[in-house]
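Step one of this worksheet: look at the structure below.
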Amino acid sequence: MSGFFTTIPKAKDLQRWTDWTITLGKRGDLHARRQALAFVREKAVVYKLFDELAGRYQSRSGGYTRIVKVGFRRGDASPMCLIELVKDAAAAPKKGKAKPSAVVAAPAAPVAPPAAAPPSEAAAPSTEA
């Protein structure tokens, strides 16, 4: 497990800052590195951010962390969650309706005319007279 458990308000605040620092790492210039060092203050973490994580999320435009609700803490019943980095580097699927694909319908089988019904007695000419 690459994440950790915390309360939901703390995780939402951490998610904001984590996404911001990864975006700085994707920029990769000196100014972005200095902005990250002003916040993180550990050179090893900033090095990992700019060299490993930035390349991992280069094709992704946001949403680098995931928050999964796991229940309530014993004792004070505060809502708990798991926060972790998203593993796949593929772009996140867009939410919304999927566009209907162009389906080429096969031509319908020709409809055969109804079979001739046997003549009924009411429709037959009478031979009595």
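The values are calculated or read from the model by the stated rules, or taken from the named source; none is laboratory data. Computed from a prediction, not measured in an experiment: that's the story for all the values here. When we count neighbours, we look across all protein chains shown, and the Cβ atoms used for this are built from the backbone with ideal geometry, even at glycine.
Data overview
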read-out: Some residue of the stretch 54-65 being within 27 Å of T7 (Cα to Cα), part of a strand (DSSP E or B) and either modelled with pLDDT of 65 or more or not acidic (D, E) (or both); value: yes
read-out: Filter result for the condition that a residue is touching a Lys or Arg at 6+ places or on another chain (Cβ under 9 Å) and surrounded by 13 or more Cβ atoms within 10 Å (Cβ to Cβ), over L14, L53; value: L53
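Residue-wise test of (1) surrounded by fewer than 12 Cβ atoms within 10 Å (Cβ to Cβ); (2) hydrophobic (A, V, I, L, M, F, W, C).
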| residue | (1), (2) |
| --- | --- |
| A32 | no, yes |
| A36 | no, yes |
| S59 | yes, no |
| Y64 | no, no |
| R74 | yes, no |
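Per-residue answers, yes or no, for (1) free of Cβ contacts under 8 Å to residues at least 12 places away in the same chain; (2) not acidic (D, E):
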{"site": "V46", "(1), (2)": "no, yes"}
{"site": "E52", "(1), (2)": "yes, no"}
{"site": "G55", "(1), (2)": "yes, yes"}
{"site": "S59", "(1), (2)": "no, yes"}
{"site": "Y64", "(1), (2)": "no, yes"}
{"site": "F72", "(1), (2)": "yes, yes"}
{"site": "G75", "(1), (2)": "yes, yes"}
{"site": "M80", "(1), (2)": "no, yes"}
{"site": "E84", "(1), (2)": "no, no"}
